[in-house]
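Encoded as structure tokens, the structure appears first; notes follow it.
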Amino acid sequence: MPERMTMSYESEIRDTLDRIGRENGHIRSFSYFTACAWQWFDPEQRKTVKPAVAVLGPGVPGELILAAGAAPYYILGGSLKSGAWSEDLVPRDTDPVSRSVLGFLQDPEGPDYSGTLFIVPVTSDSMRKTAYLLREQGRNVHIVDVPPQRSDFFAREKWQAQMIAMTEAVSRHTRTRVTAARVRSAIETADCAAKALREFLSASCGREDLITGGARLLVQNSYYYTGDLSRWTAELRRLNEELRSRRKRFVPGGGSRPGILLMGSPVYFPNYKIPFLIQDIGLNVLRNIDVTTLKDQIRPVLPGKRRSRDTLIRMAADRWYDQDGSPAYAANDALYRSVVRCLKQDRIEGVVYHVLKGQIEYDFELERLEALFDRYGIPVFRLETDYQYQDVEQLRIRMEAFSEMLHQNRYREERMAQ
Amino acid sequence: MNTQTVSPREQRQKDRFISKASQTAAKYLRRMEELSGAPESMVPFFRVLRDIYVDGKDVSREDGVKTVGTYCVMAPHELIYAAGAIPVKLCSGSYTAFSIGDDLAPRDACPLVKAVAGFQQIGVMPLYDNCALMVLPITCDCKKKLAGYLAERCEVCTLQIPVSKEDEDIEQYVRELYQFLGVLEETTGNRVTYDSLADAMKKTGYAQFELSRFLRLKKSLPYLLRGTHIMAMMNAASYMPADEWGRQLHLVNRELEQRISRNETVTRRQLPRILLTGSPIIFPNIKIPLLIEEMCGILAADETCMGERGMSDPVVPVDQSFDGLMRSLAIRATRPCSCPTFADNRQRIFRLKQMIRDYQIEGVIYHVLRGCLVYDFEYRQIEEALGELGIPVIRLESDYNEEDVEQLRIRIEAFIELIKLKKPPEVRRTERDYYG
């Protein structure tokens with residue numbers, strides 16, 4: 001890789017981390033999460049990594065991989081520069097996330113993937129063909145076929161079978177026997193993490209003065225960059241504790257900012273241009289809902305001691321299938337339900353619907369969601385972008401106009417209330 | 001039929017739609033018919049396309065017989081026949097429907113999906129409106145989301161296409177077909193029995209037998225027939241019962257045999273032999289085959305799902321039980337299929353190489369419909385594989401409109417010129433052929 005490219009790759013990550021660090025330097029327990037992200041992306045540290053199991057995207061329950069003896073090494077994308085490394089392999093219209101994911105795998109100075117089992121959940125066409133490219137390159141690939149029709153009578157059964165097959169594939173690869181105890185322990189670890197995440201989201205919701213939107217996203221993203229989920233959970237608990245104590249001590253600031261819901265294509269570190277833009281404009285991201293954030297909605301399964309290994313795997317698979325908000329489904333009901341819940345819980349004044357170029361599934365889903373927002377009288381702003389930074393000023397102008405409209409709406413409501 | 005009352009404005013819109021859609025279809029039909037070398041026995045195929053697209057008729061069927069629309073060749077038509085219904089392929093190439101669908105589907109969705117959405121919205125095509133059920137094998141993101149879109153408007157049954165072709169994947173597809181069978185029985189009110197399934201397989205088997213004869217004849221004498229005419233024939237299969245299509249193809253085969261005996265070809269010149277692969281070519285979006293042949297090339301073969309790939313592989317039941325028949329259908333739909341929906345699709349490269357050898361291909365046109373990512377992804381591998389054989393490949397990206405025709409014409413012309421330059425100069429042995 002040319003040195004210049006490595007430098008710009010590094011600066012992309014540093015710039016994002018620096019800004020988040022600057023804005024949230026007052027939070028003592030936050031440094032772990034920036035370190036987590038840096039560790040994953042740092043070119044020097046990446047060289048030393050030898051992942052046993054890599055997962056492309058967030059599309060499978062990590063606890064099952066954990067139960068089979070490996071900490072999942074998630075490759076989510078998010079980097080503009082890594083996208084450039086796969087330029088020759090993918091068609092022009094490929095979405096930036098898939099480009100970036102594939103780019104990370106092409107980095108000759110990146111992790112040593114020689115002994116890696118790649119788990120590829122087929123959530124989109126790009127993932128389907130990425131699996132093909134990886135196989136062509138001689139990599140060890142296990143494909144997870146996501147049943148696209150949730151209303152299908154056998155969909156759940158098919159998904160369970162896929163998850164059992166995946167667990168067995170990882171178990172063969174790591175040469176670790178998957179026992180009921182191991183699955184139970186992994187589920188408990190994941191449940192603790194989900195619970196801590198729920199607490200974090202509730203503690204930080206609407207409190208941009210305590211923790212910025214970018215930092216919130218980084219914490220959520222860092223779930224995928226940690227190699228030690230138990231440590232991550234412990235650190236998040238510490239952060240939650242600190243945020244709770246700050247909540248008590250400081251009265252809410254920035255209350256005059258309209259609260260918005262950010263949803264659509266996932267925002268992955270380091271490309272935080274949209275949350276940063278929203279913050280700069282003076283809007284407050286109350287919630288962000290995407291394929292990664294529904295993890296906090298996953299409820300514990302109460303894995304009783306008498307349950308067999310396969311029963312536990314099926315339970316973990318089931319709850320994932322119910323909550324998965326990826327666009328892999330003909331009708332993305334989990335995402336829809338989550339949005340409805342959010343509209344009922346929070347005072348959402350506007351929606352920023354983020355679509356990354358090439359991720360047309362999100363665009364297809366917009367029609368149904370627009371009808372929902374229309375019922376609630378909430379304006380929607382569809383924002384299409386990619387990982388380039390050239391369109392920031394255009395987006396800023398459009399976003400400012402949207403923000404202006406939200407302020408006007410609020411002003412009108414107040415007048416009417418008077 | 002759409003029985004909702006329509007406002008005068010909507011009615012005017014519908015009338016404009018019908019007029020524009022039928023004009024476009026008539027224009028392309030005329031261009032196909034005017035192209036030299038069409039066998040006389042091809043007339044029924046042109047007539048079917050005219051009936052559906054120009055005159056806006058439904059498929060011909062007996063009273064009480066339902067039609068089931070399919071959106072991919074991986075939905076076995078045998079099951080639909082066995083349930084006493086008639087299958088029709090609903091994938092469309094209509095530019096007019098595309099322009100309606102353009103406002104409904106996301107900008108980057110493929111034109112095929114936009115055209116389907118357009119037809120569904122406008123509700124003037126009896127072919128779409130009269131379908132008792134629509135079957136959507138989920139082969140790509142657009143089809144997946146189309147399933148969600150259509151489910152809100154009509155009866156839809158989805159088929160999950162496995163990503164791989166391992167034994168367990170086939171098993172899953174067998175289960176999928178059993179589910180489909182249940183839906184079909186419910187829709188038609190007819191029970192699918194061993195006999196009805198076997199009869200349906202005979203019906204499609206006959207059509208496949210005639211198609212295999214046709215392909216053999218085509219291979220035996222280069223320049224026997226124009227690819228555009230074959231496209232018309234294959235497209236007509238979407239709207240004709242399999243046995244009827246087979247009977248008409250039998251007549252074409254007879255005529256071709258006579259041509260072979262007289263050593264009669266559509267041209268006496270050694271025109272560059274082109275293979276068309278990639279996104280499907282669906283009537284009336286027939287501009288690329290027409291351009292190839294109007295620019296003095298010969299479309300010698302195609303590797304597209306609306307062409308030979310869709311029908312050429314026969315069903316081979318090994319086990320003669322009902323379950324055996326179902327398994328053979330599942331295997332036929334998946335194992336020989338070189339659709340890029342399968343994660344590992346090296347099979348397509350083998351098939352292309354085989355076709356290049358069989359049809360003495362000199363150049364490959366790789367057709368990508370805008371937004372059809374799965375085909376676009378495979379272009380690189382195919383370009384590399386064919387580069388090793390010294391076969392030139394050109395990637396043509398197109399949409400469902402006529403705005404890009406001149407650009408495509410220039411590129412196709414240049415590609416054909418390039419192939420001609422590679423060949424030794426042609427020695428004219430006969431009088432000048434003004435029609436070739």
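The values are calculated or read from the model by the stated rules, or taken from the named source; none is laboratory data. Please read these numbers as outputs of a predicted model, since none were measured by experiment. Cβ atoms come from the backbone with ideal geometry, glycine included; neighbour counts cover every protein chain shown.
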Inset, instruction - Could you tell me whether B:F283 is aromatic (F, W, Y) and in a helix (DSSP H, G or I)? - result: no
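From A:R182, A:R172, grab the single residue that is without any contact (Cβ under 8 Å) to a residue 40 or more places away in the chain and over 23 Å from the mean Cα position of the chain (by Cα). Step through it out loud before you land on a result.
On the way: A:R182 fails: without any contact (Cβ under 8 Å) to a residue 40 or more places away in the chain.
After applying the criteria, what remains is A:R172.
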Legend entry - Whichever residue in the stretch A:97-123 is away from chain B (no Cβ under 14 Å), assigned to a loop (DSSP other than H, G, I, E, B) and among the polar types (S, T, N, Q) and, among such residues, is farthest from the chain's Cα centre (by Cα): A:S114
Legend entry - Within the stretch B:124-141, considering residues that are of a type in the set (A, V, I, L, M, F, W, C) and within 7 Å of another protein chain (Cβ to nearest Cβ), the one nearest to B:L90 (Cα to Cα): B:I138
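Among the helices (runs of 4 or more DSSP H) contained in the stretch A:1-96, which hold 1 or more residues that are more than 22 Å from the chain's Cα centre (by Cα) and more than 30 Å from B:V368 (Cβ to Cβ)? Spell out how you get there, then give the answer.
On the way: elements: A:3-23, A:31-41, A:43-47, A:62-67, A:80-85.
Because the criterion is at least 1 residues that are more than 22 Å from the chain's Cα centre (by Cα) and more than 30 Å from B:V368 (Cβ to Cβ), the helices (runs of 4 or more DSSP H) in the stretch A:1-96 that meet it are A:3-23, A:43-47.
Given the structure, is A:A215 touching a Ser or Thr at 6+ places or on another chain (Cβ under 6 Å), within 30 Å of A:A328 (Cα to Cα), modelled with pLDDT of 90 or more and crowded, with 19+ Cβ neighbours inside 10 Å?
Details: touching a Ser or Thr at 6+ places or on another chain (Cβ under 6 Å): no; within 30 Å of A:A328 (Cα to Cα): yes; modelled with pLDDT of 90 or more: yes; crowded, with 19+ Cβ neighbours inside 10 Å: yes.
It is false that A:A215 is touching a Ser or Thr at 6+ places or on another chain (Cβ under 6 Å), within 30 Å of A:A328 (Cα to Cα), modelled with pLDDT of 90 or more and crowded, with 19+ Cβ neighbours inside 10 Å.
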Legend entry - Hits in the stretch B:346-377 - residues which are within 11 Å of another protein chain (Cβ to nearest Cβ), over 17 Å from B:S398 (Cβ atoms) and surrounded by fewer than 23 Cβ atoms within 10 Å (Cβ to Cβ): B:R346, B:R348, B:I349
Legend entry - Checklist (1) within 14 Å of another protein chain (Cβ to nearest Cβ); (2) surrounded by fewer than 21 Cβ atoms within 10 Å (Cβ to Cβ); (3) touching a helix residue (DSSP H, G or I) at 6+ places or on another chain (Cβ under 9 Å) applied to A:D42, failing item: (1)
Legend entry - Answer residue from the stretch A:124-145, given it is within 9 Å of chain B (Cβ to nearest Cβ) and outside any helix (DSSP H, G or I) and is nearest to A:R175 (Cα to Cα) among those: A:V141
Inset, instruction - Mind telling me which of the residues A:L66, A:L76 ends up being surrounded by fewer than 24 Cβ atoms within 10 Å (Cβ to Cβ), touching a residue at least 60 places away in the same chain (Cβ under 8 Å) and in contact with a Phe, Trp or Tyr (Cβ under 6 Å, 6 or more places away or on another chain)? - result: A:L76
Inset, instruction - Could you look through the stretch B:97-113, keep only residues that are more than 11 Å from chain A (Cβ to nearest Cβ) and crowded, with 24+ Cβ neighbours inside 10 Å, and pick out the one that is nearest to the chain's Cα centre (by Cα)? - result: B:L112
Inset, instruction - Give A:E235, A:E242 a once-over and let me know the one that is closer than 29 Å to A:S11 by Cβ and either touching a helix residue (DSSP H, G or I) at 6+ places or on another chain (Cβ under 6 Å) or at pLDDT below 95 (or both). - result: A:E235
Legend entry - Residue ID - farthest from A:W159 (Cα to Cα), chosen from residues in the stretch B:152-164 that are more than 7 Å from chain A (Cβ to nearest Cβ) and either without any contact (Cβ under 8 Å) to a residue 12 or more places away in the chain or surrounded by 21 or more Cβ atoms within 10 Å (Cβ to Cβ) (or both): B:E152
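Looking only at residues in the stretch A:81-95 that are away from chain B (no Cβ under 14 Å) and surrounded by 21 or more Cβ atoms within 10 Å (Cβ to Cβ), which one is farthest from A:T385 (Cα to Cα)? Outline the logic, then answer.
Taking the stretch A:81-95 and keeping what is away from chain B (no Cβ under 14 Å), we get A:81-85.
Add one more test, that the residue is surrounded by 21 or more Cβ atoms within 10 Å (Cβ to Cβ), and what stays is A:81-83, A:85.
Numbers: A:K81: 16, A:S82: 17, A:G83: 14, A:W85: 19 Å.
Among them, the one singled out is A:W85.
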Legend entry - Neighbours by Cβ (under 9 Å, 6+ apart or cross-chain): first from the stretch A:6-31, closer than 16 Å to A:L80 by Cβ; second exposed (fewer than 15 other Cβ atoms within 10 Å of the Cβ) and basic (K, R): none
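Take the stretch A:80-127 and flag every residue that is closer than 26 Å to A:P147 by Cα and free of Cβ contacts under 8 Å to residues at least 12 places away in the same chain.
From the stretch A:80-127, those closer than 26 Å to A:P147 by Cα are A:90-91, A:93-102, A:116-127; that's our starting set.
Within the stretch A:80-127, A:P91, A:D125 qualify.
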Inset, instruction - Filter the stretch B:165-192 down to residues that are in contact with a Pro (Cβ under 6 Å, 6 or more places away or on another chain) and within 9 Å of chain A (Cβ to nearest Cβ) and give me whichever is nearest to B:Q120 (Cα to Cα). - result: B:Q172
Inset, instruction - Would you please name the residue that is surrounded by the fewest Cβ atoms within 10 Å (Cβ to Cβ), looking only at residues in the stretch A:185-212 that are more than 19 Å from A:I298 (Cβ to Cβ) and at pLDDT 90 or above? - result: A:T212
Legend entry - For B:D195: the one exception among (1) more than 9 Å from chain A (Cβ to nearest Cβ); (2) in contact (Cβ under 8 Å) with a residue 40 or more places away in the chain; (3) part of a helix (DSSP H, G or I); (4) farther than 26 Å from B:L49 by Cα: (2)
Inset, instruction - State which residue is farthest from the other protein chains (Cβ to nearest Cβ) when the search covers only the stretch A:329-372 and only residues that are over 15 Å from B:Y149 (Cβ atoms) and β-branched (V, I, T). - result: A:I348
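Tell me which residues, restricted to the stretch B:256-265, are part of a loop (DSSP other than H, G, I, E, B) and farther than 26 Å from B:H367 by Cβ.
Filtering the stretch B:256-265 for residues part of a loop (DSSP other than H, G, I, E, B) gives B:262-265.
The answer is B:R262, B:N263, B:E264.
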Inset, instruction - Could you tell me whether the stretch A:218-226 includes any residue that is closer than 30 Å to B:C140 by Cα, at the interface with chain B (Cβ under 10 Å from one of its Cβ atoms) and not in a helix (DSSP H, G or I)? - result: no
Inset, instruction - Looking at (1) more than 14 Å from chain A (Cβ to nearest Cβ); (2) surrounded by fewer than 18 Cβ atoms within 10 Å (Cβ to Cβ); (3) of a type in the set (A, V, I, L, M), find the lone condition where B:I416 falls short. - result: (2)
Legend entry - In the stretch B:266-280, the residues that are buried (at least 20 other Cβ atoms within 10 Å of the Cβ) and part of a loop (DSSP other than H, G, I, E, B): B:V266, B:L271, B:P272, B:S279, B:P280
Legend entry - Within the stretch B:228-248, tally of residues that are assigned to a helix (DSSP H, G or I) and either closer than 22 Å to B:K66 by Cβ or in contact with a Phe, Trp or Tyr (Cβ under 6 Å, 6 or more places away or on another chain) (or both): 12
Legend entry - Residue selected from the stretch B:186-219 under the condition farther than 28 Å from B:I282 by Cβ and of a type in the set (S, T, N, Q), by the criterion nearest to the chain's Cα centre (by Cα): B:S196
Legend entry - Near pairs, Cβ below 7 angstrom, 6+ apart or cross-chain, from the stretch B:217-234 (more than 15 Å from B:R254 (Cβ to Cβ)) to any residue that is among the basic types (K, R): B:P222/B:R273
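Results for (1) among the aliphatic types (A, V, I, L, M); (2) more than 19 Å from A:M405 (Cα to Cα); (3) modelled with pLDDT under 90, shown as yes or no for each residue.
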{"residue": "A:L262", "(1), (2), (3)": "yes, no, no"}
{"residue": "A:Y272", "(1), (2), (3)": "no, yes, no"}
{"residue": "A:F276", "(1), (2), (3)": "no, yes, no"}
{"residue": "A:D280", "(1), (2), (3)": "no, no, no"}
{"residue": "A:R309", "(1), (2), (3)": "no, yes, no"}
